[in-house]
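The values are calculated or read from the model by the stated rules, or taken from the named source; none is laboratory data. Source: prediction; values computed, not measured. Here the Cβ positions follow ideal geometry from the backbone for every residue, glycine too, while neighbour counts run over all protein chains shown.
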Amino acid sequence: MNGHGTTASKAGARQWIGLAFLLLPTMLLTADLGVLWLATPPLAADLGPSSTQLLWINDIYGFVMACLLVLFGNIGDRFGRRKLLLLGLVAFAIASLVATYAPNPMTLILARAALGVGSAAIIPSTLALISHMFTDARQRAKAIAMWVTALSTGIAVGPVVSGVMLEHFWWGSVFLVGVPVMVLALIVTPIAVPEFHNADTKKLDGISMPLLVLTLLPLVYSIKRIGEYGIDQWMLLSLAVAVLFGVLFIRRQQRLSNPLLELRLFSDRTFTTALVLLFIGLAAMNGVEYVVPQYFQLVNQLPSLQAGLLMMLPAAGLALGSQLTPLLARRIRPAYVIAGGAAVSLIGFALMTQLPSDGSGTAIAATGTTVMMTGLAPITVLCTNIAVSAAPPEKAGQASSIGQTAYELGLAFGVAATGSIMAAVYHNDVKSAAPQGVSEDKVTEIADNVSGGATIADGLPGGVGEVMGDAVRAAFTSGFHVAAIISAGLAALMGVLAVLLLRRVPATGGPAQDKPAQSDGGTGTDPVTEPVPTAASS
C-alpha cells in the first residue's frame, strides 16, 4: 500500500510501450533548445534578421516554455493530462512546419513562440502521466530516470541533429525532424497511455492566470537580460515588475480555496529543497555546456558536423549517469549520490580550466564536458523524482511543471551567471591584446561580439588578421575558463546543500522506518520510496 491507501502494482508491457512514446517527444522538446546553435549562421545569411531579431529567434522558445509550464500543468490536472498532451503535440507539429519554411524573421519568431507553447503543454503532461502509469516505487524511479535522460539528452543531441541536417539540407530542416516524431506520438499515445485528471475539477481562477504570467514573463526576461547585457536599468525594472506581480499572485493564492498554485507544496521542505538543487544543478551544467560547441567551432575551427557529432559524447555521459542513478539510489541515500556526482563533475570542470587556445583542445573539451555531464546527471533524476513524488496525485501535473520551471530557469540562469562574466573577460582581453594597425572601432566591434569576433578578426587584411584572430581565440578561451570556475562553484554548492538538507531522505531500497518525519507541514509522502497511486482509466 502507498501513502494514499492505493495498492501499487507492477507496470506491464502497455505502460512501457506508452513510456517509449512519451520519451520521444520529450527528447525532441529540449533538442529544440540547441538546434539553432549551429544553424544560426546560415539562417542569418538567408533571412537577414537584425541582431535583436536573431536574439529573439534563439531565446523565445525557452522563454515562452518557462512562462507557461505551471499554468499548463494546472490545466492538465483539471481537464486531462493526455488530452493536453495531444493538443501540445498538434501545436508543436504545426509550429515546426511553419518554422521550417519561415520566409522572414518575424514568422520564425512567432513559430518559435508557438513551439514554446506546445512544449509547455507536453512536458508536464508526460511526467505527470508517467507518475500515474508506474505505481511501483522502483519502476517509477526507473521510468522517471528514463524521462530525465530523454529530457537532458535532448539538450546535447540538439547540436548533433543540427550538424547532420546542415551537412545535407538547408537551415529550416532542423525543425522538420519534429513533425514525424509528433505525428507518431499522436497515433500511439491514445492507445498506450491512460488518461488522468482530477475528478474534482474546478474552474480556473481568471485573475490568477494573468498574474502568474506577469510574474514569470519579466522574471525569465530579467535572467536572460543579465546574461546578455549585465545588470542594467531594464533588467532591474523587469525584476521589480516580477516581484510586484509575484507578491500579488501569492496573496491571491492564499485567499482561494482552489488556488492555481498550491502553495502548501512549498511547505514540504524536501519538495522545496529538490527545486533549489535542481535550479543550481542545471545552472552549473548549462553554464558551460552552451559554450562547448562554440569552442569547437571558433577556437578549434571544426566544421559544424564534426562539432555536432562530438556533442554526442556528453549526451552519452548524461544518459549513463541518469541510468546509473536509480541503481545507486537503492543502496545510497540521494543526498550522497548527488554530492558524489557533484564531486565527479568537478573533475570535468577542472579539465575545462586547462583548455588551450591553439586549436589542440578538442579531446580535453570533449572529455571534460562528458565527465561533467555524467556527474551532474543524478541531480536531474533524483530531484525530479523527489518533487513529483512529494505531491499528492491530483497535484502531480502541477508539481512536475513547477519542477520543470526550476529546470528551465536554471538553464537560463546558467547562461546569465556565466555569460555576462565570460563576455566581460573576453571584452577586456581583446581590448588589451589587440595589435597595432587595427582601428579602435574594429577592435570594439570584435570585443563586443563573443560568438562572431573570430570571424571578423580573420577577415582583417594581411598578418594583422592572423594576430587578431589568435588574440580573439585566446580571449574566448580565457572566458571559457572563468565560466568553468563559476559553474564548478555552483556544482560544489549543490553538493553541500544536498548533504545538509536531504540527508534524511532514505535510499529507495532502505527500510521504511528510515522515512523522514514530516513535521514541517508537508504532504506526509516519502518523496523517494512511496509510490504515486494510479487513478486513471483508459
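From the list L108, L54, L47, which residue is farther than 26 Å from A399 by Cβ and modelled with pLDDT under 75?
Checking each option against the conditions leaves just L54.
Looking at segment 364-374, can you tell me whether even one residue there is at pLDDT below 75 and more than 13 Å from the chain's Cα centre (by Cα)? No; the residues of segment 364-374 include none that is at pLDDT below 75 and more than 13 Å from the chain's Cα centre (by Cα). Scanning segment 349-370 for residues that are in contact with a Gly (Cβ under 8 Å, 6 or more places away or on another chain) and part of a helix (DSSP H, G or I) gives F349, A350, L351, M352, T367, G368, T369, T370. Within segment 20-32, is there a residue that is farther than 24 Å from A121 by Cβ and modelled with pLDDT of 70 or more? No, segment 20-32 contains no residue that is farther than 24 Å from A121 by Cβ and modelled with pLDDT of 70 or more. The set of residues in segment 49-104 being surrounded by fewer than 23 Cβ atoms within 10 Å (Cβ to Cβ), without any contact (Cβ under 8 Å) to a residue 60 or more places away in the chain and over 19 Å from L176 (Cβ atoms) consists of P49, S50, S51, T52, Q53, L54, W56, I60, V64, L87. On the stretch given as segment 212-234, residues that are modelled with pLDDT of 85 or more and in contact with an Asp or Glu (Cβ under 9 Å, 6 or more places away or on another chain) total 0.
Checked against the criteria, S267 counts as closer than 27 Å to A507 by Cα and surrounded by fewer than 19 Cβ atoms within 10 Å (Cβ to Cβ). Would you confirm, using the coordinates I've provided, whether A44 is in a helix (DSSP H, G or I), without any contact (Cβ under 8 Å) to a residue 60 or more places away in the chain, under 24 Å from V161 (Cα atoms) and among the aliphatic types (A, V, I, L, M)? So A44 fits the description; yes. Say whether the condition of being outside the structural domain of A128 (by TED's automatic domain parsing), among the small types (G, A, S), surrounded by fewer than 24 Cβ atoms within 10 Å (Cβ to Cβ) and under 24 Å from D268 (Cα atoms) is met by at least one residue in segment 328-336. For segment 328-336, residues outside the structural domain of A128 (by TED's automatic domain parsing), among the small types (G, A, S), surrounded by fewer than 24 Cβ atoms within 10 Å (Cβ to Cβ) and under 24 Å from D268 (Cα atoms): present. Only one of the listed residues (T477, T508, T418) is in a helix (DSSP H, G or I) and at pLDDT below 80. That residue is T418. Within segment 434-465, the set of residues being closer than 26 Å to I231 by Cβ and of a type in the set (G, A, S) comprises A447, S451, G452, G453.
Could you tell me whether segment 453-473 includes any residue that is at pLDDT below 75, buried (at least 17 other Cβ atoms within 10 Å of the Cβ) and under 31 Å from the mean Cα position of the chain (by Cα)? Yes - at least one qualifying residue is present in segment 453-473. If you go through segment 280-309 and pick out every residue that is buried (at least 23 other Cβ atoms within 10 Å of the Cβ) and at pLDDT 85 or above, you end up with 11.
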